[in-house]
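Structure record follows, encoded as structure tokens.
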Amino acid sequence: KKGKKGKKGKDEGDAPVKEEICPNMFVKGIEGSVQEYVNTWQDRDESTNFFQKYDPELVKDALRPLVFEEVRFDVDEEMRVLLQNLKDMVAAERAAKAGKKGKKGKKGKGKKGKGKKGKGKGKKGKGKKDPTEGRSMESLYAELVSNSIVQPVPNNRMPDFIGGFNYLGATLEKAGIVPDASMAQVRQTVSEYCILPMASRDLHQKVPNAKTILFFGTPSCGKTLLSYSLCNAIGANFFNLSPRNTDAKYPGKSVALMMHMVFKVAKTMAPSVIYIDEVEKVFCTDKKKMKEYGGVMHEPFSRIKKELLKETKQLQPGDRVIIVGNSQIPYLCAKKDEKAFMEYFQKHMYFPLPDYASMRILWPGLIDRHGGRLDYEFDLSTLAHISEGYSAGTINQVCRTMLNDRRIEKLDRKPLSVKEVLNFLCKFEPVHKDTDQALRDWMNKLPNRRAKDAPKEPKKDGEKKGKGKKKK
């Protein structure tokens, strides 16, 4: 009995401890939940919310404190950076003023002792000044945009330049015939020399690349399309320095300011593409030809030539700026102008007319792009042979005019035929043979073409050794 009493005493001593622990663990949580229900849900009518959709206001109230803290942290960080930049600018201005005062003192002493030499040094110092010093990059960019020098680019991509490979090229080269580059090879070369090196600054410094590249060919052969595609592929800013676009903007001597602004912004906001259409007229100094081909202009085409050459020389590997020139009549330049024009561009890309292999890809691709389709029985081979001599842009126009909304609706009942396509094709003129031949003659004058023709010289040496004398 005593043992039982002792056990009871122990149980009675343990019981009060359990009663103290239970209220401390659950009561506060229950009170908090009740209070949350009273504040949030007690007066809310949920009778119409059968699917229990979330309430946007409740989500905003829950997330607003978190977002506020994150935004405050970012703003504080930006303000620290801004204040540091302001301090650096003030320190730089003070250092510049102190340097100028020191230079003036030195120049004054030099002028007293040396006379004219001191003046010469002063003039050189003035020539090196930045004309946009003190202006922010945002203001320079905004000014170029307002003058339509920085332009938005149409959403063209590299696959939009449709064309196939020339599978007989290797055979022709063995026979001693230099074939034209196929449209696929043109696209591939632009990707290798213009797009891939612009991927990063380090890559641009190490990989072979071209600062300047010339696209030349017949009208509507895809030069502008590939320029836009190049810009979109690398996500670059597009600066249009074409003479017709910059005409009556920054007249007179202020053209130097325009060129300086363009190249300064292009380097800072790299990658950048500087586009110049009708670039052959920039290098042409023959006034008679310019009157014939130039048209009505307020400013001469060649006004940007001097500054263009100067700014191009200052481009360094890693700047990721490429200058693209487009030309339909590169043979406009002659003699000295021709040499300067050829030497300015590091790469020269001839855009040929589509051959048979490209035509077989081009017709279905452009018809599909404009909402049409070709039947299985469509004689594509005949159409590709007949349309040789037409440019890709002309074929695109044919497809656009032929495939209107009404014709697309009738495709199920009446498929396209070769005769119907030819009825629209005959309304457009092919590229004249003289125009194509003039471009080929100019292409043969290029330095890389002359290098390919150089191996013919050893034959003359063999003739001199004795073979030629025996024939005589």
Worksheet entry | Scope segment 368-391; condition of a type in the set (Asp, Glu) and either more than 16 Å from Phe424 (Cα to Cα) or open to solvent by less than 40 Å² (accessible area, probe 1.4 Å) (or both); matching residues | Asp368, Asp375, Glu377, Asp379
Item to complete: Count, please, the residues in segment 312-332 that happen to be open to solvent by less than 80 Å² (accessible area, probe 1.4 Å), assigned to a loop (DSSP other than H, G, I, E, B) and not acidic (Asp, Glu).
Response: 5
Worksheet item: From the list Thr394, Thr401, which residue is under 30 Å from Gln328 (Cβ atoms) and either open to solvent by 20 Å² or more (accessible area, probe 1.4 Å) or touching a strand residue (DSSP E or B) at 6+ places or on another chain (Cβ under 8 Å) (or both)?
Response: Thr401
Worksheet item: Can you tell me which residue in segment 259-278 is nearest to Phe341 (Cα to Cα), limited to those that are in a strand (DSSP E or B) and of a type in the set (Val, Ile, Thr)?
Response: Ile276
Practice prompt. List the number of the failed condition for Leu230; all other conditions in (1) buried (at least 20 other Cβ atoms within 10 Å of the Cβ); (2) closer than 26 Å to Leu309 by Cβ; (3) over 11 Å from the mean Cα position of the chain (by Cα) hold.
Written response: (3)
Discussion item. Checking Ala256 against (1) open to solvent by less than 30 Å² (accessible area, probe 1.4 Å); (2) closer than 19 Å to Ser139 by Cα; (3) in a helix (DSSP H, G or I): exactly one of these is not met. Which one?
Written reply: (1)
Item to complete: Look at Lys97 and say whether it is in contact with a Gly (Cβ under 9 Å, 6 or more places away or on another chain), surrounded by 10 or more Cβ atoms within 10 Å (Cβ to Cβ) and either among the hydrophobic types (A, V, I, L, M, F, W, C) or at pLDDT below 85 (or both).
Response: no
Worksheet entry | Residue check, Glu133 open to solvent by 100 Å² or more (accessible area, probe 1.4 Å) and either touching a helix residue (DSSP H, G or I) at 6+ places or on another chain (Cβ under 6 Å) or at pLDDT 80 or above (or both) | no
Practice prompt. Kindly state which helices (runs of 4 or more DSSP H) lie completely within segment 156-242 and contain at least 1 residues that are closer than 20 Å to Ala392 by Cβ.
Written response: 169-174, 183-190, 223-234
Worksheet item: From the list Ser200, Ser242, Ser220, which one is among the small types (Gly, Ala, Ser) and surrounded by fewer than 16 Cβ atoms within 10 Å (Cβ to Cβ)?
Response: Ser200
Worksheet item: For segment 333-367, which residues satisfy the criterion of being free of Cβ contacts under 8 Å to residues at least 60 places away in the same chain and open to solvent by less than 10 Å² (accessible area, probe 1.4 Å)?
Response: Cys333, Met359, Trp363, Ile367
Practice prompt. Quick one: which residue in Gln52, Gln84 is modelled with pLDDT under 85 and either under 30 Å from Gly134 (Cβ atoms) or exposed (fewer than 10 other Cβ atoms within 10 Å of the Cβ) (or both)?
Written response: Gln52
Practice prompt. Kindly establish whether Ser182 is over 20 Å from Gln316 (Cβ atoms), at pLDDT 80 or above and hydroxyl-bearing (Ser, Thr, Tyr).
Written response: no
Discussion item. Taking the conditions exactly as written (at pLDDT below 85, crowded, with 23+ Cβ neighbours inside 10 Å, more than 17 Å from the chain's Cα centre (by Cα) and part of a helix (DSSP H, G or I)), does Lys281 satisfy them or not?
Written reply: yes
Item to complete: Check off (1) small (Gly, Ala, Ser); (2) at pLDDT 80 or above; (3) on the phi > 0 side of the Ramachandran plot for Gly318 and give me the number that stays unchecked.
Response: (2)
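The values are calculated or read from the model by the stated rules, or taken from the named source; none is laboratory data. In this text, all values refer to a predicted model and were calculated from it rather than measured experimentally. Counting neighbours? That spans all protein chains shown, and the Cβs are built from the backbone with ideal geometry, glycine included. Remember, those area values only see protein heavy atoms, side chains included, never the ligands or the DNA or RNA. Shrake-Rupley method; radii C 1.70, N 1.55, O 1.52, S 1.80 Å.
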